[in-house]
1. Name the one entry in ASP7, ASP38 that is open to solvent by 70 Å² or more (accessible area, probe 1.4 Å) and either of a type outside the set (Lys, Arg) or part of a loop (DSSP other than H, G, I, E, B) (or both).
2. Can you tell me which of (1) among the hydroxyl-bearing types (Ser, Thr, Tyr); (2) out of contact with any strand residue (DSSP E or B) (no Cβ under 7 Å at 6 or more places or on another chain); (3) open to solvent by 70 Å² or more (accessible area, probe 1.4 Å) is the one SER51 doesn't meet?
3. Kindly establish whether VAL83 is within 15 Å of the chain's Cα centre (by Cα), more than 20 Å from ASP21 (Cβ to Cβ) and surrounded by fewer than 18 Cβ atoms within 10 Å (Cβ to Cβ).
4. Quick check: is even one residue across segment 49-62 touching a helix residue (DSSP H, G or I) at 6+ places or on another chain (Cβ under 6 Å) and either acidic (Asp, Glu) or part of a loop (DSSP other than H, G, I, E, B) (or both)?
5. Restricting to segment 118-143, name every residue that is exposed (fewer than 10 other Cβ atoms within 10 Å of the Cβ) and closer than 21 Å to LEU82 by Cβ.
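The values are calculated or read from the model by the stated rules, or taken from the named source; none is laboratory data. What you see is a predicted model; the values in this text were computed from it and never measured. In this analysis, Cβ positions are derived from the backbone assuming ideal geometry, glycine residues included, and neighbour counts consider all displayed protein chains. What goes into the accessible areas is simple: the full protein's heavy atoms, side chains included, and nothing from ligands, DNA or RNA. Shrake-Rupley method; radii C 1.70, N 1.55, O 1.52, S 1.80 Å.
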Amino acid sequence: MTLKELDNLVKINDLKTEPPDQDEFNSMVNSAKRCLKDAEVDGLSEEGKFSSAYTAAHLLSLAAMRWHGYRSSNRYQVFQCLVHTVDFDNVKCRVLGQCHNLRNVAEYEGHLEITTQLLNELIEITKELLVLVEALEPVRPSRS
């Protein structure tokens, strides 16, 4: 996996480098696991499940980026970078991007229109992402 693309984003100030921190990484992953568990609670509204699953996906994406020693202030960008940080499938990254756009509409316009299919896809993609992020070795002290 090459991080050349992420280094290019640093050069144009779209990403920043910052030493990874194991405690921060663990905290993000643990929070994501709780959110993912919440997304599967019976009786929770689809909106609640979506919000929990989206939050889990974002935390895992950010954890993967932080593991490599990068930080982004752009929520969407952490999804785009998954192809580089954990070699994630580009189609699945686009689904996460679609969910990001839906989250923004819900957050800023007050309505969320999701399908059960998209919700289930989001949960499954987030579970796959969890496996990849948990498979990362302990945080390295500096980027290689």
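1. Values: ASP7 fails: open to solvent by 70 Å² or more (accessible area, probe 1.4 Å).
On inspection, the qualifying residue turns out to be ASP38.
2. So SER51 meets the others, but not (3).
3. Values: within 15 Å of the chain's Cα centre (by Cα): yes; more than 20 Å from ASP21 (Cβ to Cβ): yes; surrounded by fewer than 18 Cβ atoms within 10 Å (Cβ to Cβ): yes.
So VAL83 passes the test.
4. Initially, segment 49-62 is screened for residues touching a helix residue (DSSP H, G or I) at 6+ places or on another chain (Cβ under 6 Å), giving 49-50, 52-57, 59-62.
Okay, now just the ones that are also either acidic (Asp, Glu) or part of a loop (DSSP other than H, G, I, E, B) (or both), so none.
Scanning segment 49-62, I find no residue that is touching a helix residue (DSSP H, G or I) at 6+ places or on another chain (Cβ under 6 Å) and either acidic (Asp, Glu) or part of a loop (DSSP other than H, G, I, E, B) (or both), so the answer is no.
5. If we filter segment 118-143 for residues that are exposed (fewer than 10 other Cβ atoms within 10 Å of the Cβ), which is where we start, we get 135, 137, 142.
Selection gives ALA135, GLU137.
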